[in-house]
Amino acid sequence: MDLRNLLAVVAAGALVTGCAATAAETETASASASSASKSSAKAAFPSTYKPYSYDNTVITGVTIFDGEGQRFDNGVIFMSAGKIVSVGGPETVVPTDSTIIDGTGKYVTPGIIDIHSHLGDYPTPSVAAHSDGNEATSPVTPEVWAEHSVWPQDPGFSRALTNGGITSLQILPGSANLFGGRSVTLKNVPARTVQAMKFPGAPYGMKMACGENPKRVYGNRNRKPATRMGSISLTRQTWINAQEYKKKRKGAKPPKRDIGMETLVGVLDGDILVHNHCYRADELNQIIDMSKEFGYKVTAFHHAVESYKIADILAKEEICSAIWADWWGFKMEAYDAIPENAALLQQAGACVIIHSDDENQIQRLNQEASKALADGRAMGIEITDAQAIQWITYNPAKAMGISEQTGSLKPGKMADVVLWNDNPLSVYARPEKVWIDGAMLYDANDPNRRPVSDFELGQPGEGDVK
Amino acid sequence: MKHFAKLLVSSLALMAAPVVAETVAITGGKVVVGDGSAPMDGATVVIRDSRVVAVGTNVTVPANARRIDASGKWVTPGIFAGFSRVGLVEVGAVSGTNDTSAADSVFSAALDVQYAVNPFAAPVAVNRAAGVTRAVVSPSTGKSIFGGYGAIVDLGADNNPITKARAFQFVELGETGHRRAGGSRTAAHILFRAMLEEARTYSRNPALLDSDMLKASDAKALLPVISGKTRLLVHANSANDILKVLGLRKDFPSLKLVLVGANEGWRVANDIAAAKVPVLASALSDLPYSFEDLSATQSNIGRMKQAGVQVAIGMINDRDAHQLRYSMQYAGNLVALNKVPRATGLSWDEAFAAISSGPAEIMGMGGQLGSLKAGRQGDVVIWTGDPLELSTQVETVFIDGVEQSLSNRQERLRERYRNPTPGALPKAYDR
């Protein structure tokens, strides 16, 4: 394994999304404490994102996958004022005073969403000076926030937009630590500041990790955790500390503010979603039991290459698996990965998300979903094209807590839309146009509608098709 | 081969004695020769013993041939991975199973992958089932710029994976070379020149060898490189590094150079073409991963091809031990570029050649491997459809004329967990 791959493995972050709202809370969280944690999280580093200028746009005669499993042939979509207004078949009524795009032979999907990215915190050029994804100085760092590492000039954002149709993405800390820190959800718009990319109103996530990475990183330094049992013990102890902090904060003498504990309490309160990097089936199950012990919920297991072995359990627990189509063999805990993981989960009724964790595959998540679909069909599992598109649109949106705003083409939602020049499940398809909140931020036919980061300005290849 | 009944058969075949070569006629398929020509509808491919003996629409099927009806299917040469580490790695991060490099060895150029390639490694079986039949297998570098000898291998389910041992020498002359040589490109180039000069000295008088510079074994390994008998595969990405590699011919005119990676090759494509140096290029690199890749673009291969460079797809440092099955997807992406304004891709026929005859030709084995022509080794794959399309599955694989088992760990795990809930006995009893 070469250095880049090894680095990628280290970078492979563990994000545990805890949509904890439904978790059985034994304590009655005081409204004030809960809202305090919400407001402290929301007050700091607020989003300054504003949609860019939009046209009222109609696409006609196009095949539409709506992101929630629906397909419209010879469909029509109408976007206005940055929102989806209507989506349907040829009978859909649209205004005549809009920009009309003939979508014959083309396809429309919601903007593609990557729930697992390190763009910005492990950007290119991937020089040491840019290595900002793992605060690998302690296995427990819930206090760090990925957004404070994100470099908005990472050229990877523009590749994800133009080649992959990515309109929203979650940036996670890496997986060196048991508690890696907060994630941030971004709209994939070029900006001077991270705040101007932050998805308005998106809940925070917290990344957690199990398995090989934390024990390798700290075991090699003769520190805890050096074993899987060490990892679980340290994680449980940290949750006990968080419960105590939560209790004290409601008491007469609240403790000094601790930003790490605020994140953990945010999870216990159900405000922060847990995204848990974890590979092996047995370990996924350990994590589930741990979450029950402390009354939080894992929103998604990330990487989860052995989810297929416990697909029934994951369906019952309503935990998503954010997975690759076919990565395997790069380390021991990835040895049992199979390309039918997604299909077997879908068959069991479990939530499937195809993620990238990679600056290259984020440029073709549609192709990764297509491979996973094909491998499922080849073993006899029936899955529609529209369901496979859901793996990279609505499902990640839901697990990131933004499905009310984006992730499917429903009236009133953000007009995050990709027009593909062919079926996005074909290897021969590429985005032709990409809209974010109705603003056309990429047009293959217009060299001026292609973002060029500061880093690439004045360099060889500036503004090239890439 | 994803059909359960066939899998059962192939699982049994895996345990039985090796299947012998036979006479097989694959009829009625859409046949891709792999040399860049257009596919032929309704054509026949005849394999006898280890070789292809006839291909075309006017082929007489031998009376004794086993017939395979490929109507509605595609029939192609097996995929030839232009640059890989397949068979050198079982699990990447488990060092005992990873034979790509040897940072603690006293040797460099003398290291030889033929002693490490493991035909029984799971990645060989997984990629065979995906239609990959041959591969360039290269070492990585350890502490020198030279990695050692690479080989051409087949991915057959038999004991002998080596098609050609010592097929090339591998050297790093970009950023990795800078690091290996001690911290600069200057150091990499002086080390390169000094080691080659020292090998010459050794060839004239072994007693004069400066053993501080290199071991006798390394000197011996470099002699066929200097003479041009053995190809030198050079990993370099930046336009400037590529020019400097082409410049080595001034001092060593016989070097048989092949560029690997070459992410910025398009910027100096005319120079590469003029030097007649072929390229095993990374297909989809389009990020400035490092300052040596600033102008990387997916149009690189298409632009080099247009400039007259002999180019095929390689996967250096890109999951090159486990995911050679990406070759078809990568080639398909280059076809997709044709519909992107201002991008330069490959035609479908060229793209398929870039993962079949292209690597074979570049490695000097086009007469034996990489295409469906009479006399070539019988590496043939039958697909359910367009082999570059993501929905297509592999049905049958022949290597050296022998139908291959397509069984592998992944397929066995899949079948065990088709229904994840244990039955009357634990899952460990489901086989």
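Kindly indicate which of A:SER356, A:SER370 is under 21 Å from A:ALA160 (Cα atoms), more than 8 Å from chain B (Cβ to nearest Cβ) and of a type in the set (Ser, Thr, Tyr).
Checking each option against the conditions leaves just A:SER356.
From the list A:ALA386, A:ALA334, A:ALA399, pick out the single residue that is surrounded by 24 or more Cβ atoms within 10 Å (Cβ to Cβ) and under 24 Å from B:GLN329 (Cα atoms).
Details: A:ALA386 fails: surrounded by 24 or more Cβ atoms within 10 Å (Cβ to Cβ); A:ALA399 fails: under 24 Å from B:GLN329 (Cα atoms).
After applying the criteria, what remains is A:ALA334.
Condition check ((1) modelled with pLDDT under 95; (2) within 14 Å of chain A (Cβ to nearest Cβ); (3) outside any loop (DSSP other than H, G, I, E, B)) across all residues:
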{"site": "B:LEU12", "(1), (2), (3)": "yes, no, yes"}
{"site": "B:ALA25", "(1), (2), (3)": "no, no, yes"}
{"site": "B:GLY28", "(1), (2), (3)": "no, no, yes"}
{"site": "B:VAL33", "(1), (2), (3)": "no, no, no"}
{"site": "B:VAL55", "(1), (2), (3)": "no, no, yes"}
{"site": "B:ALA81", "(1), (2), (3)": "no, no, yes"}
{"site": "B:GLY96", "(1), (2), (3)": "no, yes, yes"}
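Considering only the stretch B:325-335, I want to know if a residue exists there that is under 17 Å from the mean Cα position of the chain (by Cα), in a loop (DSSP other than H, G, I, E, B) and within 14 Å of another protein chain (Cβ to nearest Cβ).
yes
Take the residues in the stretch B:230-289 that are over 25 Å from A:ASN163 (Cβ atoms) and hydroxyl-bearing (Ser, Thr, Tyr), then tell me which one is farthest from the chain's Cα centre (by Cα).
Checked the stretch B:230-289; the qualifying residue farthest from the chain's Cα centre (by Cα) is B:SER254.
A:GLN405 fails exactly one of the following numbered conditions: (1) under 22 Å from the mean Cα position of the chain (by Cα); (2) under 30 Å from B:ASN317 (Cα atoms). What is the number of that condition?
Of everything listed in (1) under 22 Å from the mean Cα position of the chain (by Cα); (2) under 30 Å from B:ASN317 (Cα atoms), A:GLN405 misses just condition (2).
Name the pairs: first residue in the stretch A:281-293 and over 17 Å from A:ILE240 (Cα atoms), second residue in a helix (DSSP H, G or I) and polar (S, T, N, Q), Cβ to Cβ under 9 Å, at least 6 apart or on different chains?
Taking only residues 6 or more apart or on different chains, the pairs are A:ALA281/A:SER307; A:LEU284/A:SER307.
Within the stretch A:336-347, which residues are within 11 Å of chain B (Cβ to nearest Cβ) and closer than 20 Å to A:ILE383 by Cβ?
The answer is A:ALA337, A:ILE338, A:PRO339, A:GLU340, A:ASN341, A:ALA343, A:LEU344, A:LEU345, A:GLN347.
Return the only residue of B:ASN338, B:ASN300 being polar (S, T, N, Q), surrounded by 24 or more Cβ atoms within 10 Å (Cβ to Cβ), more than 7 Å from every other protein chain (Cβ to nearest Cβ) and within 27 Å of A:TYR442 (Cα to Cα).
B:ASN300
Just to verify a result, which residue in the stretch A:196-250, among those that are among the polar types (S, T, N, Q) and either on the phi > 0 side of the Ramachandran plot or without any contact (Cβ under 8 Å) to a residue 24 or more places away in the chain (or both), is surrounded by the fewest Cβ atoms within 10 Å (Cβ to Cβ)? Show your work before the answer.
Just the residues of the stretch A:196-250 that are among the polar types (S, T, N, Q), to begin with: A:213, A:220, A:222, A:227, A:231, A:233, A:235, A:237-238, A:241, A:243.
Adding the requirement that they be either on the phi > 0 side of the Ramachandran plot or without any contact (Cβ under 8 Å) to a residue 24 or more places away in the chain (or both) leaves A:220, A:222, A:227, A:233, A:237, A:241.
On the way: A:ASN220: 9, A:ASN222: 7, A:THR227: 11, A:SER233: 13, A:GLN237: 11, A:ASN241: 15.
Filtering the stretch A:196-250 for residues that are among the polar types (S, T, N, Q) and either on the phi > 0 side of the Ramachandran plot or without any contact (Cβ under 8 Å) to a residue 24 or more places away in the chain (or both), the one surrounded by the fewest Cβ atoms within 10 Å (Cβ to Cβ) comes out as A:ASN222.
Can you tell me which residues in the stretch B:386-431 are modelled with pLDDT of 95 or more, part of a loop (DSSP other than H, G, I, E, B) and among the acidic types (Asp, Glu)?
If the condition is that a residue be modelled with pLDDT of 95 or more, part of a loop (DSSP other than H, G, I, E, B) and among the acidic types (Asp, Glu), then B:ASP386, B:GLU389, B:ASP400 are the ones that fit.
Just to be sure, is A:ASN177 more than 13 Å from the chain's Cα centre (by Cα), part of a helix (DSSP H, G or I) and crowded, with 24+ Cβ neighbours inside 10 Å?
no
Is it true that A:ALA369 is touching a residue at least 40 places away in the same chain (Cβ under 8 Å), under 25 Å from A:THR193 (Cα atoms) and crowded, with 24+ Cβ neighbours inside 10 Å?
Spelling it out, it is not the case that A:ALA369 is touching a residue at least 40 places away in the same chain (Cβ under 8 Å), under 25 Å from A:THR193 (Cα atoms) and crowded, with 24+ Cβ neighbours inside 10 Å.
Mind checking which residues of the stretch B:237-255 are of a type outside the set (A, V, I, L, M, F, W, C) and either without any contact (Cβ under 8 Å) to a residue 60 or more places away in the chain or part of a helix (DSSP H, G or I) (or both)?
B:ASN240, B:ASP241, B:LYS244, B:GLY247, B:ARG249, B:LYS250, B:ASP251, B:PRO253, B:SER254
Name the single residue, out of those in the stretch A:373-386 being more than 10 Å from chain B (Cβ to nearest Cβ) and assigned to a loop (DSSP other than H, G, I, E, B), that is nearest to A:VAL108 (Cα to Cα).
Out of the qualifying residues, it is A:THR384.
Read through the list (1) within 14 Å of chain A (Cβ to nearest Cβ); (2) modelled with pLDDT under 95, then give the number of the only condition that B:GLU264 fails.
B:GLU264 satisfies all of (1) within 14 Å of chain A (Cβ to nearest Cβ); (2) modelled with pLDDT under 95 except (2).
In the stretch A:412-463, what residues are among the hydroxyl-bearing types (Ser, Thr, Tyr), within 10 Å of another protein chain (Cβ to nearest Cβ) and touching a residue at least 12 places away in the same chain (Cβ under 8 Å)? If you could, list the steps in order and put the result at the bottom.
So in the stretch A:412-463, the residues among the hydroxyl-bearing types (Ser, Thr, Tyr) come out as A:426, A:428, A:442, A:453.
Pick out the ones that are also within 10 Å of another protein chain (Cβ to nearest Cβ) and you get A:426, A:428, A:453.
A:SER426, A:SER453, listed by residue number.
Tell me, yes or no, whether the stretch B:203-212 has at least one residue that is closer than 27 Å to B:PRO359 by Cα and in a helix (DSSP H, G or I).
No, the stretch B:203-212 has no match at all.
Hey, among the residues in the stretch B:341-361 that are surrounded by fewer than 24 Cβ atoms within 10 Å (Cβ to Cβ) and away from chain A (no Cβ under 14 Å), which one's farthest from A:ASN366 (Cα to Cα)?
B:GLU361
The values are calculated or read from the model by the stated rules, or taken from the named source; none is laboratory data. Bear in mind that the values here come from a model prediction, so they are computed numbers and not experimental data. FYI the Cβ positions are ideal-geometry reconstructions off the backbone, even for glycines, and counts take in every protein chain you see.
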